[in-house]
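The block underneath contains the structure these notes are about, expressed in structure tokens.
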């Protein structure tokens, strides 16, 4: 993240996303595959590190990853076409999806916002404990599935909606998105217009 200024001199926090052109590797249609979609290849990877099965999907290229995007109708583009930043303009409202930072094993206070136990009245070490887990009634003296407890936190797909494209630098392949987006440096990010 960084900050940038608009024409009136106001400062805006922005996230700089480095992009590379996406190449169309396959087009799926309702007649042949049962749904309409376009498959893109992005990035670059050494050919010796790609299995033959994945190479067949890449249509002769050696990309770092593949992404399939569903569409309503059969698209106008064809296999081999490149898609870049020309689909976005400054002022567009977009949603950004990415894998969030992994935070490891966390307790209930940090993971779910539990308040912990009372600090006085005979309590010694229960400040950050979760409290009762099982109980009677519907659960029948066991811990019910989905009970909010301590566990692995982060590392999930997060979508942030209603972010604005602040500016685009086509020379460097960078898009400036106003606000924060999920993930860490180096995370693959999906931007939907």
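The values are calculated or read from the model by the stated rules, or taken from the named source; none is laboratory data. Keep in mind that what you see is a predicted model, and the values were worked out from it rather than measured. As a convention, Cβ positions derive from the backbone with ideal geometry for all residues, glycine included, and neighbour counts pool all protein chains shown.
Numbers below:
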| quantity | calculated |
| --- | --- |
| Residue among 26, 53, 90 that alone is at pLDDT 90 or above and either assigned to a loop (DSSP other than H, G, I, E, B) or surrounded by fewer than 14 Cβ atoms within 10 Å (Cβ to Cβ) (or both) | 90 |
| Single condition residue 104 does not satisfy, out of (1) touching a strand residue (DSSP E or B) at 6+ places or on another chain (Cβ under 9 Å); (2) closer than 29 Å to residue 153 by Cβ; (3) surrounded by 11 or more Cβ atoms within 10 Å (Cβ to Cβ) | (3) |
| Filtered residue count, segment 65-82, keeping only those that are closer than 20 Å to residue 187 by Cβ and either in a loop (DSSP other than H, G, I, E, B) or touching a residue at least 60 places away in the same chain (Cβ under 8 Å) (or both) | 2 |
| Residue 62 surrounded by 14 or more Cβ atoms within 10 Å (Cβ to Cβ), within 19 Å of residue 188 (Cβ to Cβ) and modelled with pLDDT under 90 | yes |
| Residue list for segment 107-128, filter: in contact with a helix residue (DSSP H, G or I) (Cβ under 9 Å, 6 or more places away or on another chain) and at pLDDT 90 or above | 114, 115, 128 |
| Qualifying residue in segment 148-157 (condition: part of a loop (DSSP other than H, G, I, E, B), over 12 Å from residue 17 (Cβ atoms), free of Cβ contacts under 8 Å to residues at least 12 places away in the same chain and over 23 Å from the mean Cα position of the chain (by Cα)) | no |
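Here is a yes/no grid of residues against (1) under 22 Å from residue 101 (Cα atoms); (2) touching a strand residue (DSSP E or B) at 6+ places or on another chain (Cβ under 6 Å):
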residue: 149; (1), (2): yes, no
residue: 158; (1), (2): yes, no
residue: 161; (1), (2): yes, yes
residue: 171; (1), (2): no, no
residue: 177; (1), (2): yes, yes
residue: 185; (1), (2): yes, no
